[in-house]
Amino acid sequence: QVQLVESGGGLVQPGGSLRLSCAASGSIFSINNMGWYRQAPGKQRELVAVITDSGNTGYADSVKGRFTISRDNAKNTVFLQMNSLKAEDTAVYYCYADIRRRGSMGASAYWGQGTQVTVSS
């Protein structure tokens, strides 16, 4: 089975930094897009950043200039470097990957388990 495992969340003070990691494993043929969503209590899940297999990136306006998404294709891993964190960044962060499984021509979106990021003094 395909699974995504996240790490790197935690408590940080405003202005601080965190780096999230998400590694995909299992019966994987290829991975196209990878990215990060976040969800705060009472709010819908929102896209934070995305990166294609060729390295093209996109960011939500609220994090542009502060967050950087990257990936290590050899390790099927996507990262989110978060700098200058604000209280508004507090949320559960979920990674995702658009994955084609071995033996399949179709791709599906897979999700990590979520990791809590809390920005507070």
**Prompt:** Checking Pro14 against (1) surrounded by fewer than 20 Cβ atoms within 10 Å (Cβ to Cβ); (2) out of contact with any helix residue (DSSP H, G or I) (no Cβ under 9 Å at 6 or more places or on another chain); (3) under 18 Å from Thr118 (Cα atoms), which single condition isn't satisfied?
**Reply:** (2)
**Request:** Taking the options Gly42, Gly8, name whichever one is without any contact (Cβ under 8 Å) to a residue 12 or more places away in the chain and on the phi > 0 side of the Ramachandran plot.
**Result:** Gly42
**Complete:** The number of residues in the range 40-76 that are crowded, with 20+ Cβ neighbours inside 10 Å and not in a loop (DSSP other than H, G, I, E, B) is 6
**Qualifying positions in the range 17-39 - of a type outside the set (S, T, N, Q), open to solvent by 20 Å² or more (accessible area, probe 1.4 Å), over 9 Å from the mean Cα position of the chain (by Cα) and farther than 16 Å from Gly65 by Cα** = Ala23, Gly26, Phe29, Ile31
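The values are calculated or read from the model by the stated rules, or taken from the named source; none is laboratory data. As the structure is a prediction and not an experimental result, all values here were calculated from the model. FYI the Cβ positions are ideal-geometry reconstructions off the backbone, even for glycines, and counts take in every protein chain you see. Note: areas computed on protein heavy atoms with side chains; ligands, DNA, RNA excluded. Shrake-Rupley method; radii C 1.70, N 1.55, O 1.52, S 1.80 Å.
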